[in-house]
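> Quick one: the structure is below, and I'll ask about it shortly.
The values are calculated or read from the model by the stated rules, or taken from the named source; none is laboratory data. Quick caveat: nothing in here was measured; it's all calculated off a predicted structure. No Cβ is skipped: glycine too gets one built from the backbone with ideal geometry, and neighbour counts run over all protein chains shown. Remember, those area values only see protein heavy atoms, side chains included, never the ligands or the DNA or RNA. Shrake-Rupley method; radii C 1.70, N 1.55, O 1.52, S 1.80 Å.
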Amino acid sequence: MENFRVFGRGLDLSEEKIDEKALEIMDTLQFPQYKDTLVKDLSGGTVQKTNFGVSLLGDPDILVLDEPYQGMDYASFIAFWDIQFKLRQAGKAIIIVS
């Protein structure tokens, strides 16, 4: 959660908006149980989910991702593709390097 708050503040989001969006992202990517865990103590896949989640905080129009699903379990991999499909449907541009 701390990573979301740091980056959310950099995007000038309110604390309430940061918490709301962070929990929504964590729920979608299936890792809310790690919200109070230090990144150094997370698995590689959960670190990837954290990085991807933080990238979504500011609702970017263009998103460039370098192997964003590396290390994710299958359910998170599917959730990732569902999210990117919804973003494309919303008119966002996404570049995925794999």
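> Any idea which of (1) loosely packed, with under 14 Cβ neighbours inside 10 Å; (2) outside any helix (DSSP H, G or I) is the one Val6 doesn't satisfy?
In the conditions (1) loosely packed, with under 14 Cβ neighbours inside 10 Å; (2) outside any helix (DSSP H, G or I), Val6 misses (2) alone.
> Still on this model: How many residues does the range 26-46 contain that are in a helix (DSSP H, G or I), β-branched (Val, Ile, Thr) and touching a Ser or Thr at 6+ places or on another chain (Cβ under 9 Å)?
Total satisfying the criteria: 2.
> Okay, moving on. Condition check: closer than 19 Å to Met1 by Cα and crowded, with 18+ Cβ neighbours inside 10 Å. Does Gly53 satisfy that?
The answer is yes for Gly53.
> Could you run through the range 82-98 and say how many residues are loosely packed, with under 14 Cβ neighbours inside 10 Å and under 21 Å from Ala22 (Cβ atoms)?
Total satisfying the criteria: 3.
> Next question, about the same structure. Taking interchain pairs and intrachain pairs at least six residues apart, which have beta carbon atoms under 8 angstrom, with the first residue in the range 79-92 and within 14 Å of Val64 (Cα to Cα) and the second exposed (fewer than 15 other Cβ atoms within 10 Å of the Cβ)?
So the pair list comes out as Gln84/Ile96; Lys92/Pro60; Lys92/Asp61; Lys92/Ile62.
> Output yes when any residue across the range 30-39 is among the basic types (Lys, Arg) and farther than 17 Å from Gln70 by Cα, and no when none is.
Yes, the range 30-39 contains a residue that is among the basic types (Lys, Arg) and farther than 17 Å from Gln70 by Cα.
> Could you please give the count of residues in the range 22-33 that are surrounded by fewer than 18 Cβ atoms within 10 Å (Cβ to Cβ) and either of a type in the set (S, T, N, Q) or in contact with a helix residue (DSSP H, G or I) (Cβ under 6 Å, 6 or more places away or on another chain) (or both)?
3
> Count, please, the residues in the range 47-98 that happen to be in a helix (DSSP H, G or I) and acidic (Asp, Glu).
So the count comes out to 1.
> Continuing with the same structure: Could you pull out the residue among Asp19, Asp36, Asp66 that is closer than 21 Å to Val6 by Cα, open to solvent by 80 Å² or more (accessible area, probe 1.4 Å) and not hydrophobic (A, V, I, L, M, F, W, C)?
Asp36
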